[in-house]
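Working notes, beginning with the structure itself.
The values are calculated or read from the model by the stated rules, or taken from the named source; none is laboratory data. The shown structure was predicted, so the numbers you read here are calculated from the model rather than taken from an experiment. Here the Cβ positions follow ideal geometry from the backbone for every residue, glycine too, while neighbour counts run over all protein chains shown.
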Ligand code: HEC
Ligand code: HEC
């Protein structure tokens with residue numbers, strides 16, 4: 001009984017997968033890491049301000065994001081196709097690799113009035129109930145010290161229902177106006193990474 005079932009499973013897998021997924025049978029962690037590093041940075045500092053730091057991010061958060069991109073729950077021109085190439089186990093290996101790295105420091109970028117606006121947004125959105133001191137915990141991403149231009153973009157993606165993998169965040173971000181989102185993103189650069 002085992003053989004026909006296995007054959008069916010394989011043909012379904014082939015049907016459901018783009019050709020690239022088959023190539024990932026040759027998965028070599030270092031080669032894939034080199035691909036990630038071409039954007040997320042050789043030293044953990046991404047090559048563009050709108051690209052997120054992933055060095056030292058929470059293991060489970062990285063893994064879920066890769067699965068969410070692969071499944072279309074979170075869409076992005078670059079990441080959707082990349083994440084779709086990996087099996088769960090491969091995504092776990094990548095997540096474990098990057099989670100182990102030290103979080104890289106970026107310069108603080110604060111402007112007058114940011115603290116007041118940010119604190120108002122945090123109180124109103126009850127962010128601390130989930131994010132605590134912004135250091136991350138399992139499925140909750142580290143936000144302290146994250147690239148501000150990336151944070152601005154992703155907060156707008158929640159607000160505009162572009163990023164759909166965390167429904168609570170869509171309604172939370174709708175309460176924040178643009179100056180508050182900008183202030184929050186800069187404020188997070190000032191929080192010490194523990
Ligand atoms: C061509 C550039 C590029 C490459 C290559 C790339 N990424 Fe990304 N990655 C991005 C961008 C841009 C984003 C932000 C996407 C968004 O706004 O949803 C991102 C987002 C992510 C996120 C979500 C981070 C967060 O804070 O939510 C993770 C995790 C991630 N990438 C992991 C990887 C891994 C692992 C690899 C290698 C297998 C990789 N990326 C390769 C550009 C890239
Ligand atoms: C109900 C719990 C909860 C509340 C309240 C909450 N968050 Fe989150 N937040 C999360 C979770 C969980 C994620 C990760 C979602 C995912 O898996 O994509 C997240 C993701 C984020 C991200 C994306 C980080 C990244 O790397 O892409 C930002 C930015 C963020 N939250 C900011 C805030 C701010 C600012 C507030 C308050 C105004 C807030 N959150 C309120 C639970 C919460």
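Points worth noting:
- Subset of segment 162-194 [over 13 Å from residue 74 (Cα atoms) and either part of a loop (DSSP other than H, G, I, E, B) or in contact with a strand residue (DSSP E or B) (Cβ under 7 Å, 6 or more places away or on another chain) (or both)]: 175, 176, 177, 189, 190, 191, 192, 193, 194
- Condition met for residue 186 (touching a residue at least 60 places away in the same chain (Cβ under 8 Å), within 16 Å of ligand 1 (Cβ to nearest atom) and either over 14 Å from the mean Cα position of the chain (by Cα) or surrounded by 14 or more Cβ atoms within 10 Å (Cβ to Cβ) (or both)): no
- Taken over segment 45-57, the criterion of being more than 10 Å from ligand 1 (Cβ to nearest atom) and either surrounded by fewer than 19 Cβ atoms within 10 Å (Cβ to Cβ) or not in a loop (DSSP other than H, G, I, E, B) (or both) is satisfied by 45, 49, 56.
- Contact map, segment 149-161: first residue part of a loop (DSSP other than H, G, I, E, B), second residue within 9 Å of ligand 2 (Cβ to nearest atom), Cβ cut-off under 9 Å, separation 6 or more or different chains; pairs are 160/173.
- From the options 70, 34, residue that is touching a helix residue (DSSP H, G or I) at 6+ places or on another chain (Cβ under 6 Å), away from ligand 2 (no atom under 11 Å from the Cβ) and more than 13 Å from residue 146 (Cβ to Cβ): 70
- Test: residue 128 is near ligand 2 (Cβ under 10 Å from one of its atoms), without any contact (Cβ under 8 Å) to a residue 12 or more places away in the chain, touching a helix residue (DSSP H, G or I) at 6+ places or on another chain (Cβ under 7 Å) and within 29 Å of residue 96 (Cβ to Cβ): yes
- Restricting attention to segment 103-142, the residues being farther than 18 Å from residue 174 by Cβ and buried (at least 18 other Cβ atoms within 10 Å of the Cβ) number 7.
- Filter result for the condition that a residue is under 21 Å from residue 192 (Cβ atoms), within 12 Å of ligand 1 (Cβ to nearest atom), in the same structural domain as residue 50 (by TED's automatic domain parsing) and surrounded by 14 or more Cβ atoms within 10 Å (Cβ to Cβ), over 99, 84, 149, 95: 99
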